[in-house]
Each structure stands twice: as C-alpha cells, then as structure tokens.
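The values are calculated or read from the model by the stated rules, or taken from the named source; none is laboratory data. Note that the structure is a prediction, hence the values are computed from the model and not measured. Positions of Cβ are generated from backbone atoms using ideal geometry, with glycine treated the same way; all protein chains shown enter the neighbour counts. Heavy atoms of the whole protein, side chains included, go into the accessibility calculation; ligands, DNA and RNA do not. Shrake-Rupley method; radii C 1.70, N 1.55, O 1.52, S 1.80 Å.
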Amino acid sequence: MKVYLPKNSKTDWTAQRHRIKIPTFNFVRLKEFGYIPVNAVVINGTLSIKAGRVFLSLLCDIPEPKIERAVTPGVGIDLGIKNFAALSNGNIYPNINKTSKVKRQEKKLKRESRALARKQNAKKKAGKTVESGSNIIKNTLRVQKLHYRIGNIREEYRHSVVNAVVKTKPQHITVEDLNVRGMVKNRHLAKAVTDQGFYAFKLFLLAQCRKQGVELRQVSMFYPSSKTCSNCGAVKKHLSLSERTYKCNSCGLEIDRDLNAAYNLRDANQYTILT
Ligand SMILES: [Zn+2]
C-alpha cells in the first residue's frame, strides 16, 4: 500500500531531529534520529507499508552548503638561495639543491659529463667525428637522463611549494620582482640562482593563482623587503647576505632574515597585480 502526500501548507512536512509532521497525520516519531536533515525542505512524500512496517520516502530540496572562501590572511613569499622560499605563514622550504638527493645526482652528472668530454676529445684527436661510436652515444644518453632526472626533482619541488600555499586560498600572495638576470651576473651566485628556477616557480604560481582565484601581487625589486623591520618599519642601510638573523636597532626585534622579508612582502601596500 502506498499513500502519496503532497505539501499543501507551509507547516506540512516539518522535519525535526526525532519526528516529522506528515500532512493529515500530524507529527510522527521517526525510527532513525537525524536521518532526515533538519534543514531539508520536503517537497512531497510517500508513505508505504511493507510487511507490517511503515516506510516514508521523501523528495527533499537540500540547500547547497555555502562554499565559504577560507579566509586565511595574505601570504608573502620570500625567494632565496639559502632557503628556496620563506612564507609569512611560517613555512620555510629549504633549498632542495643542497639536499643529498640532488647532490648525488649532480655528482653523477658531473662524472658522466667529464667522461663524455674525454671520449669526444679522444675522437677529435684521432680525426674522427665527435658523435660517432656506441660508447659516446650511450654516454650522451646517460648525461641527458641525469639532466632530465634533476630537472624533474626540481620541478616537482616547485610544484609542491606552490600547491601547498595556493591550496589554503589566502586573500592574496605577494612575491618580489626578482632581478634574476642581475643575480646571474654575479658569478658566485649564478649557478645557485639558475638552479632554483625562480622564473618557472613564478609562472606556475601565477597559473595556479588564476585557477584558484587568488590574487597574486608583485612588489618592485626596489622595495627593501629584507632591510625593513617587519615590526617597527625601520629600514637598515646595510644588511650583508651572511646576516641570517635580522636584528632591529630601533625596536630590538630579532627574527630570521627570510621570515622578516616574507612578513614585509605580505604587508606591502605598493604592488602590481599579476592575476
Ligand atoms: Zn624594528
């Protein structure tokens, strides 16, 4: 037996935790507490009896849960050599190129590259073409594979850093406009800087921010993010690269250098929006 019961008045089908108001039947106790969501708007229902038991099936309109944008504050990201990225939320990502994982591969690459060059030189001296010979071809492949492997490790790392921060949906993300070209000219830093892949990092960050609707801000390279005290705003005249701790002469703040820069980037109020 089945009874179809539409909704005739507003108070018909009032669902509560333990009971439901069925038109013409009034309140009926429910077997399963909380089975029907209290915020559900019942459109109609069908009562049926099967083997001496009464079943109630309902057509409900359940309001979509409001997707609340997680309101996490803005994040400043300071990119560097010692640490790849220092975030104002306290996360610090070390330079992966200093880990044994990458160093081991780099060492292998160096060895294979040297071996390849040696083989090629020997061919040259013998007056033969450099690319010929199965050993040279095999060695070339080993070098290519190592480049590929190292590149993958770095790329994966950049992606993991970007995804971790964008996932929290901060109000904004602020990065510095890095003068990578200028840094590369400094031959002591050149390899370290290119190995970090800042440009690729920013490209991926931009793409992910656009995808997730996070505002990406960029401050000018002249903004003194490292030299400014994130507590009182005093600006130091000199700050050498070896000073890992920022010590403020005005307010006495002592803080990790990169974290200080990340705070300043987060709070910067002059920027261009990249997204
Ligand atoms: Zn200060």
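Give me a count of the residues in the stretch 15-26 that are within 14 Å of LEU58 (Cβ to Cβ) and open to solvent by 50 Å² or more (accessible area, probe 1.4 Å).
Of the residues in that region, 4 qualify.
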Exercise. Does HIS188 count as of a type outside the set (A, V, I, L, M, F, W, C), within 16 Å of the ligand (Cβ to nearest atom) and modelled with pLDDT under 95?
Worked result: no
Problem set entry | Enumeration of residues in the stretch 134-176 that are among the hydroxyl-bearing types (Ser, Thr, Tyr), under 24 Å from LYS103 (Cβ atoms) and modelled with pLDDT under 95 | THR140, TYR148
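Residues are listed down the side, and each one gets a yes or a no for (1) of a type outside the set (S, T, N, Q); (2) within 38 Å of the chain's Cα centre (by Cα); (3) surrounded by 17 or more Cβ atoms within 10 Å (Cβ to Cβ):
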| residue | (1), (2), (3) |
| --- | --- |
| GLY74 | yes, yes, yes |
| ILE96 | yes, yes, yes |
| VAL102 | yes, yes, yes |
| LYS107 | yes, yes, no |
| LYS124 | yes, no, no |
| LYS128 | yes, no, no |
| LYS145 | yes, yes, no |
| GLU155 | yes, yes, no |
| ARG158 | yes, yes, yes |
Exercise. Any residue in the stretch 226-234 that is more than 22 Å from VAL175 (Cβ to Cβ), within 16 Å of the ligand (Cβ to nearest atom) and either acidic (Asp, Glu) or open to solvent by less than 80 Å² (accessible area, probe 1.4 Å) (or both)?
Worked result: yes
